[in-house]
Amino acid sequence: MTTSKTEWPLWEIFIRGQHGLSHRHVGSLHAADAEMAIKNARDVYTRRNEGVSIWAVEAINIAASSPEEKGQLYEPSNDKVYRHPTFFDIPDEVGAM
Amino acid sequence: MYAQMIKSTGQGVKSLDEMEPEERAFQERINAGGKIEPKDWMPEGYRKNLIRQIGQHAHSEIVGQLPEGNWITRAPTLERKAILLAKVQDEAGHGLYLYCAAETLGVTRDQMTRDLLSGKMKYSSIFNYPTLTWADMGAVGWLVDGAAIMNQVPLQRTSYGPYARAMVRICKEESFHQRQGFDIMMKMANGTPAQHKMAQDALNRFWYPSLMMFGPSDAESVHSAQSMAWKIKMNSNDELRQKFVDLTAPQAEYLGLTIPDDKLKFNEETGHYDFSEPDWDEFFDVLRGNGPCNTERLAARNKAWEDGRWVREGLLAHAEKKRSAKMAAE
């Protein structure tokens, strides 16, 4: 992606909803600096009370895994079914656990 | 629709057997209802087609602010003015969500803007019609946003993740737009005889241009067949147009307004309304740039871009200065 010198950088926006949840990625926008990114994020992504807190991160600062690494990153956990509680049979007479 | 006459590869849809393994895996994922994300492999045609489609959709949202912005200062009450402002602000937001989605495909926002301003990229034909009276604000919300919803609701399931997610946000907000339009129409249609006449006049002028929004019949189009195989187009143009007429005709009846079409009639056999096609020569003429407001709309966007130049450059310079000062202080 080429960015000309006159183009404002791209920011990724994360918003915390009202129910004590984590910040969640909602989209991106362009802004000259962080302060403006947050102001714009308020206008673009919280026009209907969608959030109580905004994070803005310049897109170039985000490191992301690539789709080609999917196998080596996630397959090792496939054969570790014992990490899920349902792996263990608990007799009914023990009750809820 | 907001994206009309999008040309894809035009070579017809390949069967899975004709595809290289990469493309085959891609198509199988789409067939299974999976999503394609920005960093995933995708055929060049898919990428290009999506940039054109999402870009045109975004431009339509932005240019679509102009016919409504025309009435902000002349809204009949303060409440109507506040509502219209909020609606036009939403359209700017919709444009932004869509530009962001297009940018994930490797095109910059500035490039798309330049292509709009030069006339290389299009926006929906509907926004080249003027809004002459306050009743037009009702007709635009009711009919134009109503027609847009027909297309945007199924696009929430489109195969490209960022586009689908933008559509989810847009659809949530769009029903406010349509309802506020219908609300204006109700008020006008049930108002004084002069107001009723204005409502009827707005319907007369916006009915066929709204039908044109879906584009001409694409039952035979190879472009549409490819887009549908890629799930970046979910329904044929005729299908959506019929759905729109079926939903809108009873609403017009409720308003006590007459849709300007002698042939419009519910067909007991098909369970759908029969209706007249719009004038497709007019549609192509508007797309070629000869609609009533093409020149005015593009001039307004170009002026906004030029007038805003010093702000864009100034804020960038200011951010740069602040960054340098901060670094010097550290």
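The values are calculated or read from the model by the stated rules, or taken from the named source; none is laboratory data. Worth saying up front: this structure is predicted, and the values here are computed from it rather than measured. Counting neighbours? That spans all protein chains shown, and the Cβs are built from the backbone with ideal geometry, glycine included.
General remarks:
- Within the range A:1-38, considering residues that are among the basic types (Lys, Arg) and under 20 Å from the mean Cα position of the chain (by Cα), the one farthest from the other protein chains (Cβ to nearest Cβ): A:ARG16
- Evaluating A:THR46 against the criteria (1) touching a strand residue (DSSP E or B) at 6+ places or on another chain (Cβ under 8 Å); (2) away from every other protein chain (no Cβ under 13 Å); (3) farther than 30 Å from B:ARG29 by Cβ; (4) among the β-branched types (Val, Ile, Thr) leaves one unmet condition, (2).
- Against the numbered list (1) surrounded by 21 or more Cβ atoms within 10 Å (Cβ to Cβ); (2) away from every other protein chain (no Cβ under 13 Å); (3) more than 17 Å from the chain's Cα centre (by Cα), B:LYS81 comes up short only at (1).
- From the options A:GLU50, A:GLU75, residue that is of a type outside the set (Phe, Trp, Tyr) and not in a loop (DSSP other than H, G, I, E, B): A:GLU75
- Some residue of the range A:76-94 being facing chain B (nearest Cβ under 9 Å), in contact with a helix residue (DSSP H, G or I) (Cβ under 7 Å, 6 or more places away or on another chain) and of a type outside the set (Asp, Glu): no
- For the range B:29-55, a residue qualifies if it is within 14 Å of another protein chain (Cβ to nearest Cβ), aliphatic (A, V, I, L, M) and either in a helix (DSSP H, G or I) or in contact with a Lys or Arg (Cβ under 6 Å, 6 or more places away or on another chain) (or both), and the qualifying residues are B:ILE51, B:ILE54.
- The C-beta contact set for the range A:65-77 (first residue at pLDDT 80 or above and loosely packed, with under 11 Cβ neighbours inside 10 Å, second residue acidic (Asp, Glu) and part of a helix (DSSP H, G or I), distance under 6 angstrom, 6+ apart or interchain) is empty.
- Some residue of the range A:55-69 being more than 9 Å from chain B (Cβ to nearest Cβ), touching a strand residue (DSSP E or B) at 6+ places or on another chain (Cβ under 8 Å) and under 25 Å from B:ALA86 (Cα atoms): yes
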